[in-house]
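Trainee: Dumping the structure here so I can ask a few things about it.
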Amino acid sequence: MTTTRHRRRRPRSGWSPGDKQAWRERKDRDKAIANDAVVTAARALSERADLLDAFREYAARVQAHRTLRNTLALLGQNPAATRVKSAFFWAKEDRAVLPTAEPMCIVARRRGGKKVEEFADPDTGETKEADAGDWTGFTSERVFDVRDTTPKNRPCDFCGTHPGLRCPDACPVYEPVRGPAPTRDEVHDLLDQVLKDDIGFYPADLDGSESEDVQQ
């Protein structure tokens with residue numbers, strides 16, 4: 001039996017230069033949104049030191065594998081978020097992101113992929129590609145709260161809601177999945193860094209005497 005091998009196409013390989021430029025501009029805008037949200041949330045917490053433990057509990061819900069700085073970015077965009085994933089990972093749970101959903105933006109590190117550079121063949125004039133080594137750097141990523149999703153291909157595993165319809169508020173899919181909370185010192189260090197970069201000021205009242213973890 002003869003098998004046919006299909007060459008895997010690179011994402012965006014068929015895009016025009018204009019498409020690629022628009023994609024880069026969108027990524028830059030999303031990075032700016034994420035960075036602005038970090039500063040906004042840090043300023044808010046600097047004015048309300050009593051909310052530090054609430055932020056730690058928020059981080060326990062949404063941080064997962066993300067950095068604490070990205071958790072601060074999420075707080076600045078959606079303080080009510082409970083479970084946050086990209087559309088790709090929601091699809092793995094058979095949930096689809098609503099077309100009207102407003103994404104939250106974070107900045108994620110990407111490494112290990114192959115860089116490909118395009119060049120014009122001097123003999124034929126055709127555009128060709130060459131391996132330019134491994135790519136590493138930071139890129140923006142759009143993520144969504146669970147309340148911005150619906151069942152995708154089958155009824156909800158928890159409440160039976162049909163694909164495309166919102167689950168009721170009582171559906172267990174909305175319940176937070178809690179992970180470890182960052183320490184107060186970790187939060188202090190992050191706010192110190194962000195506020196020094198932004199306004200050169202770190203309020204002394206954030207160095208509270210309490211250092212206990214968030215109560216379970």
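Trainee: Between A49 and L98, what is the spin-label point distance in nm, taking each point 7 Å from the Cα along the Cα→C-beta axis?
Mentor: For A49 paired with L98, the spin-label model returns 3.9 nm.
Trainee: Could you compute the net charge surrounding D148? Neighbours are other residues with a C-beta less than 12 Å from the C-beta of D148; K and R count +1, D and E count -1. All intermediate terms of the calculation are to be shown ahead of the outcome.
Mentor: Values: positive: R83, K85, R95, R142, R147, R166; negative: E102, D145.
Taking every other residue near D148 into account, the sum is +4.
Trainee: At a 10 angstrom cut-off on C-beta neighbours, averaged per residue, how do the peptides 145-158, 60-73 rank from highest to lowest?
Mentor: 60-73, 145-158
Trainee: Among 14-26, 170-182, what's the highest-first ranking by average C-beta atoms within 10 angstrom per residue?
Mentor: Peptide ranking by packing, descending: 170-182, 14-26.
Trainee: Cα centroid distance between the range 152-171 and the range 59-78, in Å?
Mentor: About 26 Å separates the Cα centre of the range 152-171 from the one of the range 59-78.
Taken together, the values in this text are just the output of simple stated rules run on the coordinates, not laboratory data. Note that the structure is a prediction, hence the values are computed from the model and not measured. Ideal geometry is used to build each Cβ from the backbone, glycine not excepted, and the neighbour counts take in all protein chains shown.
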